[in-house]
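Q: Dropping the structure in here first, questions after.
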Amino acid sequence: MHTTADLRVLKSDAKPQRHISRRELAQVLLASAAAGILSPLSSAAHPLHRYLSNSALLDFADAHLSAETSKPLFLSAEQFAALDVLSEAIVPGSRNAQAASFIDLLLSADTHEVRQTFLASLSAVEASSNGNYHTKIVSLNSERLRDLLTALSAPASADHKHFNDLKDWISGAYYSSEIGMRELGWTPERVFSTFPGCSHPDGHA
């Protein structure tokens, strides 16, 4: 067991982590997919995958997400708040990874069809919250939010497809971030033959 003094020494000797851009992370994910390595992202057919090779957009994402005054580019403030709550509930750590902001940015550059599909999914989950608890997603306590997502994730749920659509966006945004990749154990000095599983003790919703 390390003493407090030992921990101070360990911290002082540790090398500071270098910030990894989304462009660099995308290159890792694309190279892994090309090599047949299982990706932590959603299906390759998901719209998010198209952006992994769009270097200009990924560079803009880094600049936009690092700006202290950045605001949603596509979603309304209410929609963004709901997405942020859902993101953190479905994939813990998503708020720190700015998953909702990254999704909003990608949607701002996507087609009308993709946007409408996303909004339909978000609206369906919001409607389920109102129907079951007579309140918006952002007003649900943690227990009710967990119960809502558990019900929506059930294959028999009428909104199962909408839940999966949002989960794919959220997990993709999270695991294409530096926080998500480092959670899996990836660093610039370490290369995987496969990506290890998620380390959250209870898994994701």
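Just so it is clear, none of the values below were taken in a lab; they were calculated from the coordinates. Just so it is clear, the structure is predicted and the values come from calculations on it, not from any experiment. Virtual Cβ from ideal backbone geometry, glycine too; neighbours counted across all protein chains shown.
Q: Hey, rough spin-label estimate for Ser21 and Lys161, points 7 angstrom out along Cα→Cβ, what's it come to in nanometres?
A: Using points 7 Å along Cα→Cβ, the separation is 3.9 nm.
Q: Quick one: length gained pulling Lys71 to Leu184 fully straight, 0.36 nm per residue minus the C-alpha distance?
A: On the way: separation 113, 0.36 × 113 = 40.68 nm, distance 2.90 nm.
The span from Lys71 to Leu184 would gain 37.8 nm if fully extended.
Q: Using a simple spin-label model with points 7 Å from Cα along the Cα→Cβ vector, what separation in nm is obtained for Lys136 and Ser55?
A: 4.1 nm
Q: Measure of size requested: the Rg and Dmax of the range 56-151, with Cα atoms as the atom set and Å as the unit; please supply both.
A: 14.0, 43
Q: State log₁₀ I(q)/I(0) for the range 21-183 at q = 0.15, 0.16 Å⁻¹ as given by the Debye formula over alpha-carbon point scatterers of equal weight, solvent excluded.
A: Result of the Debye calculation: -0.80, -0.91.
Q: Same structure, new question: Using θ = phi - 60° and the Karplus curve 6.51 cos²θ - 1.76 cosθ + 1.60, what whole-Hz ³J(HN,Hα) does each residue of the range 169-182 get, with Gly and Pro shown as x?
A: Each residue of the range 169-182 in turn: 4, 5, 5, x, 5, 5, 7, 9, 9, 5, 4, x, 5, 5 Hz.
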